[in-house]
Amino acid sequence: MNSKIEVAIVGGGPAGCTLAALLAQRGIRTLVFDDDKRPDLLVGESLLPSVVTLMRRLGIEERVAAFSQHKPGVGFLARDGSRLDFFFPQRAIKGRPNYAYNIPRPEYDNLLRTRAEELGVVFVKRRAELEGGNEGREIQLTAACLSEVPELAGKHPKLLVDSTGRARVFARLLGVDAARGKRNDVAYFAHFENFESEGQRDGQVVITTLEHGWSWRIPLPGRLSVGVVVDKSAVKGRGETAEERLEATIEAEPVLAAAGKGRRRITPVMTYTNYQLISERGHGPGWVAMGDAFGFVDPMLSPGLFMAMHSADLLDSGVFAKGIGILDQPERLAKAFDRVFAELRDWHEAWGEVIEYFYTGQMYALHAAGEQLSEKYGKFALPRLMEKHLTSQITRLLSGVATRSRYGRNLLKFSTKHLIWDVGPVEDYAIRA
Ligand SMILES: Cc1cc2nc3c(=O)[nH]c(=O)nc-3n(C[C@H](O)[C@H](O)[C@H](O)COP(=O)(O)OP(=O)(O)OC[C@H]3O[C@@H](n4cnc5c(N)ncnc54)[C@H](O)[C@@H]3O)c2cc1C
């Protein structure tokens, strides 16, 4: 029996398991409470190349590849039928992966857990019972929980980590508020057979601007994940159940109705609402939150799993790399957390910024303007070079490689302000409620 669990993580999703595995690699004794209540179907199936870097660090890429679909990039279909295709660079730059995967979620989560267990992490199948803390802790495990989990041997871990996803268990208990996003969307999704993905290359994810809202099509081995994201007002009158609403929305949208003409739904339909929020506080004495439990911006560019796993990486490198002794130095620990959360907030802000260009329609309008420019001046070297440079900067922003890059963000801001000409109103490309 182990008597020295130093860190207890609540929630064994991608954020929790990644942190647990990274800590185990450092030899830090870690325990994960997981309620094991994951449904068979979960959103978060399309990954970014930066996640592959983390898979390699955890030593799981080959096992992920065995059950996943290789993803070469993303295509965006505008309402007028034009499309914008982003493919990850043909060659790996500075050893960075130039591809990603589309993953069946339960398998992926199970593998992360298996890997953490292989590295020595202890998993306990139960919810952690928590209460307001004392002795310098803001939150703590109840005495009953401490005594009922033999691996803890009655000793309270030095740090509790909230990785319960959108349940935000610690924040709710402590009354930590969150800044909410401005959208009022609901997402419905399911897996289908015989549904056209309209990808230009195998595995390409396709995001479509619909008459109302937008949709994703994520190719997975033997099936297609189809999701619609619409303002709550748009699904009123489209049935009572999630199944009815997803089917009615597909039928109401000409692009999806045509692509899904012979479709067969092979899973139940899942519903997600109110997912855009960022906590006002991510840590306090004796605790820290990560992944969705800290914040999630929007699913449009698939930043969720990257942010979940990257927040674990940031905590590992920004706090635990300094040595486990830091957990006994509250002021030093708080400062290290502050630095990590400043970076995390900047990531969220950067994702929010780039995603907004798709919602406002500016990204599509910029593309349309670029096409016209190429037609007129494509034979000249300078416009060709400019277009190539802009496309590569945008790909870097979207892929998570350089989403926070000031240069890339300013270039995009400048381009959407000054380079959109002769393409009709930008609002025509916008995502409508
Ligand atoms: C509509 C939509 C589409 C999305 N699409 C994508 C996408 O394509 N790609 C992408 O990368 N991301 C996507 N995301 C985001 C992604 O799903 C999340 O960001 C990601 O799952 C966060 O991981 P996590 O580990 O923080 O939380 P979670 O995955 O939610 O894991 C939390 C874990 O904690 C457990 N738990 C909860 N409460 C307790 C408790 N009290 N005690 C013990 N255990 C508990 C749960 O069972 C679960 O296993 C999407 C999100 C939405 C809403």
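Does Leu314 meet the test of being more than 27 Å from Val186 (Cβ to Cβ), at pLDDT 95 or above and touching a strand residue (DSSP E or B) at 6+ places or on another chain (Cβ under 8 Å)? Please lay out each step first, then the result.
Values: more than 27 Å from Val186 (Cβ to Cβ): yes; at pLDDT 95 or above: yes; touching a strand residue (DSSP E or B) at 6+ places or on another chain (Cβ under 8 Å): no.
Criteria not met by Leu314.
For the stretch 358-387, residues that are part of a helix (DSSP H, G or I) and either of a type in the set (Gly, Ala, Ser) or crowded, with 20+ Cβ neighbours inside 10 Å (or both) total 12.
Among the residues of the stretch 266-291, which ones are surrounded by fewer than 20 Cβ atoms within 10 Å (Cβ to Cβ) and out of contact with any Asp or Glu (no Cβ under 8 Å at 6 or more places or on another chain)? Scanning the stretch 266-291 gives Met270, Thr271, Tyr272, Asn274, Leu277, Ile278, Arg281. Between Phe189, Phe195, the distinction of being crowded, with 19+ Cβ neighbours inside 10 Å, of a type outside the set (Lys, Arg) and in a loop (DSSP other than H, G, I, E, B) belongs to Phe195 only. Among residues of the stretch 35-64 that are under 27 Å from Thr403 (Cβ atoms), those with a beta-carbon under 6 Å from a residue that is in a helix (DSSP H, G or I) and within 7 Å of the ligand (Cβ to nearest atom) at least six positions away or on a different chain give the pairs Gly44/Gly304; Gly44/Leu305; Leu47/Leu305; Leu48/Phe306; Ser50/Phe306; Val51/Leu305; Val51/Phe306. Just one residue in the set Thr18, Thr53 is part of a helix (DSSP H, G or I), surrounded by 18 or more Cβ atoms within 10 Å (Cβ to Cβ) and within 9 Å of the ligand (Cβ to nearest atom); that residue is Thr18. Only one entry in Leu314, Leu301, Leu256 is of a type outside the set (Lys, Arg), under 15 Å from the mean Cα position of the chain (by Cα) and either farther than 27 Å from Val7 by Cβ or assigned to a helix (DSSP H, G or I) (or both), namely Leu301.
Looking at Val169, Val176, which one is at pLDDT 95 or above, over 17 Å from the mean Cα position of the chain (by Cα) and within 11 Å of the ligand (Cβ to nearest atom)? So the residue among Val169, Val176 that is at pLDDT 95 or above, over 17 Å from the mean Cα position of the chain (by Cα) and within 11 Å of the ligand (Cβ to nearest atom) is Val169. Only a single criterion out of (1) surrounded by fewer than 20 Cβ atoms within 10 Å (Cβ to Cβ); (2) assigned to a loop (DSSP other than H, G, I, E, B); (3) more than 16 Å from the ligand (Cβ to nearest atom) is not satisfied by Ile28, namely (1).
Assigned to a strand (DSSP E or B) and either more than 12 Å from the ligand (Cβ to nearest atom) or closer than 16 Å to Ala20 by Cα (or both), is that true of Ile326? So Ile326 does not fit the description; no.
Please tell me if Gly81 is surrounded by 18 or more Cβ atoms within 10 Å (Cβ to Cβ) and either acidic (Asp, Glu) or at positive phi (or both).
Considered against the rule, which asks whether it is surrounded by 18 or more Cβ atoms within 10 Å (Cβ to Cβ) and either acidic (Asp, Glu) or at positive phi (or both), Gly81 comes out as no.
Note on the stretch 289-298: among residues that are more than 8 Å from the ligand (Cβ to nearest atom) and within 11 Å of the chain's Cα centre (by Cα), the one that is nearest to Asn102 (Cα to Cα) is Asp298.
Residues in the stretch 260-288 that are away from the ligand (no atom under 16 Å from the Cβ) and either in contact with a helix residue (DSSP H, G or I) (Cβ under 9 Å, 6 or more places away or on another chain) or outside the structural domain of Ala190 (by TED's automatic domain parsing) (or both): Gly260, Arg263, Arg265, Glu280, Arg281, Gly284, Pro285, Gly286.
Test Ala66 against the criterion of being more than 20 Å from the chain's Cα centre (by Cα), farther than 18 Å from Gly291 by Cβ and away from the ligand (no atom under 13 Å from the Cβ), and give yes or no. Steps first, answer last, please.
Numbers: more than 20 Å from the chain's Cα centre (by Cα): yes; farther than 18 Å from Gly291 by Cβ: yes; away from the ligand (no atom under 13 Å from the Cβ): yes.
Considered against the rule, which asks whether it is more than 20 Å from the chain's Cα centre (by Cα), farther than 18 Å from Gly291 by Cβ and away from the ligand (no atom under 13 Å from the Cβ), Ala66 comes out as yes.
The values are calculated or read from the model by the stated rules, or taken from the named source; none is laboratory data. Being a predicted model, the structure only gives us computed values, none of them experimental. Neighbour counts are summed over all protein chains in view; Cβ atoms, including those assigned to glycine, are modelled from backbone coordinates with ideal geometry.
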